[in-house]
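> My questions will all concern the structure given below.
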Amino acid sequence: MTDTMTVWRQRCYGSADAVRPETVPVPAPRASEVLLQTDAVALNSGDIHLMRGEPGLVRVALGLRGPRIRGRGMDVAGTVLAVGDGVTEFAVGDAVVGSGRETLADRVVVPAKRLTRLPETVAPAIAATLPIAGNTAVQTLDACRVGSGARVLIAGAGGGVGTFLVQLAADRGAEVWATCGERARPVLERLGAARTFDYRALELSDLPRGRFDAVVDIAGEPPLSVLRDLLAPGGTAALVGGDGHPFFGPFGRILRSAVTRGRFRPITAVTRTETTAQLVELAASGRLTPHLERTFPLSQAGAALAYVEAGRTVGKVVVVRDGLRPQG
Ligand SMILES: NC(=O)c1ccc[n+]([C@@H]2O[C@H](COP(=O)([O-])OP(=O)(O)OC[C@H]3O[C@@H](n4cnc5c(N)ncnc54)[C@H](OP(=O)(O)O)[C@@H]3O)[C@@H](O)[C@H]2O)c1
């Protein structure tokens, strides 16, 4: 094994070209940690927010001039190369998935408690999509108590989180309607949406009032009163995404939701290893089939970040180890 590795890092906030490959020593795993060969890294809009330092308020916590954690990438699927003291649940050669820091690298150290084992039937590129987007979708559906027979509307469903929401809600037996870009409509219909609408050709207020047990807003644009009016009595509107104000981000909208009549649930998802393990089981059983729009080799991670930064992804974009076939 070589003693250096490549990691994609940035010194200052900016667009994707601020993130460059650096050659650094391979770290050794400390107690309770695991060293992975990175097989696949799914990108999330969270990576883009960190890269750009947006909204501005997050810089107070993440670093005023540039991000304190310089490397991008959070989701990861990989192969165990070494384990630190006290790690008994994984051994060298195990395939795993989870979330960490600076995962856009050919090696990465991750706390063992943040990893779950992968069966051979789930390819690394598929597995890597599960932690952040999958956990966000599960926690949103739980917050809205979505179960069999629920009528669910997902606004802005074409991206990573939205495609998981559609498929997981349909898997729970819900009737799912979704708004998205035109390119995403056949994808969402394949994933289980009963009806899809091009968001550029429809006002949400044109949909039937009082119809939905859950309205999930990923786009972050519709007025709160429009979301509320779509809800059936006792229904819940989940606020998941949207860029919001350049400095305050979605916080103003979240505060307004607290004083607006109606049942609003702002979502701040946490990636839980147990939930990721359940998502791995669903993927292994064929009930969950994440949509990969594009894969890029790690040597082109900058191009992958630029692609996601453009905000037009249908499903997920995944960076894979150079030479690895995307699906296996
Ligand atoms: N609350 C949480 O815990 C949490 C966790 C994860 C993500 N998020 C947020 O969730 C949002 C989605 O994240 P993601 O990673 O899934 O994003 P993504 O994959 O980058 O989403 C891209 C998709 O969004 C669609 N889109 C863009 N603007 C739209 C609009 N106004 N109406 C409808 N669709 C629109 C695009 O369709 P077109 O190309 O056709 O425009 C594209 O298909 C982001 O705002 C992110 O910050 C929140």
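The values are calculated or read from the model by the stated rules, or taken from the named source; none is laboratory data. Keep in mind it's a predicted model, so treat the numbers as computed, not measured. Here the Cβ is made from the backbone with ideal geometry for all residues, glycine too, and neighbour counts use every protein chain on show.
> If you go through the range 199-227 one residue at a time, how many are assigned to a helix (DSSP H, G or I) and farther than 23 Å from ARG172 by Cα?
6
> Residue check: is GLY192 away from the ligand (no atom under 16 Å from the Cβ), touching a helix residue (DSSP H, G or I) at 6+ places or on another chain (Cβ under 7 Å) and on the phi > 0 side of the Ramachandran plot?
For GLY192, the condition - away from the ligand (no atom under 16 Å from the Cβ), touching a helix residue (DSSP H, G or I) at 6+ places or on another chain (Cβ under 7 Å) and on the phi > 0 side of the Ramachandran plot - is met.
> If we scan the range 253-265, do we find a residue that is β-branched (Val, Ile, Thr), part of a loop (DSSP other than H, G, I, E, B) and not assigned by TED's automatic domain parsing to the domain that holds GLY220? Steps first, answer last, please.
Taking the range 253-265 and keeping what is β-branched (Val, Ile, Thr), we get 254, 259-260.
Okay, now just the ones that are also part of a loop (DSSP other than H, G, I, E, B), so 259-260.
Still in the list and also not assigned by TED's automatic domain parsing to the domain that holds GLY220: none.
Checking the range 253-265: not a single residue is β-branched (Val, Ile, Thr), part of a loop (DSSP other than H, G, I, E, B) and not assigned by TED's automatic domain parsing to the domain that holds GLY220.
> Within the range 124-167, which residues are surrounded by fewer than 23 Cβ atoms within 10 Å (Cβ to Cβ) and small (Gly, Ala, Ser)?
Of everything in the range 124-167, those that are surrounded by fewer than 23 Cβ atoms within 10 Å (Cβ to Cβ) and small (Gly, Ala, Ser) turn out to be ALA143, GLY147, SER148, GLY149, ALA150.
> Here's something else I'd like to know. I'd like the residue in the range 267-321 that is of a type in the set (Asp, Glu) and either more than 13 Å from the ligand (Cβ to nearest atom) or assigned to a loop (DSSP other than H, G, I, E, B) (or both) and, out of all such residues, is surrounded by the fewest Cβ atoms within 10 Å (Cβ to Cβ).
Applying the filter and picking the extreme gives GLU274.
> Looking at the range 224-242, which of the residues that are farther than 15 Å from TRP177 by Cβ and out of contact with any Ser or Thr (no Cβ under 9 Å at 6 or more places or on another chain) is farthest from the ligand (Cβ to nearest atom)?
PRO233
> Quick one: which of GLY235, GLY241, GLY252 is without any contact (Cβ under 8 Å) to a residue 12 or more places away in the chain and of a type outside the set (Val, Ile, Thr)?
Working: GLY235 fails: without any contact (Cβ under 8 Å) to a residue 12 or more places away in the chain; GLY241 fails: without any contact (Cβ under 8 Å) to a residue 12 or more places away in the chain.
After ruling out the rest, the residue left standing is GLY252.
> Still on this model: For the range 106-161, which residues satisfy the criterion of being away from the ligand (no atom under 16 Å from the Cβ) and charged (D, E, K, R)?
ASP106, ARG107, LYS113, ARG114, ARG117, GLU120, ARG145, ARG151, listed by residue number.
> Return the residues of the range 236-252 that are at pLDDT below 95 and surrounded by 15 or more Cβ atoms within 10 Å (Cβ to Cβ); say none if nothing qualifies. Let's see the steps before the verdict.
Filtering the range 236-252 down to residues at pLDDT below 95 leaves 241-252.
Listed by number, the residues that qualify are GLY241, GLY242, ASP243, GLY244, GLY249, PRO250.
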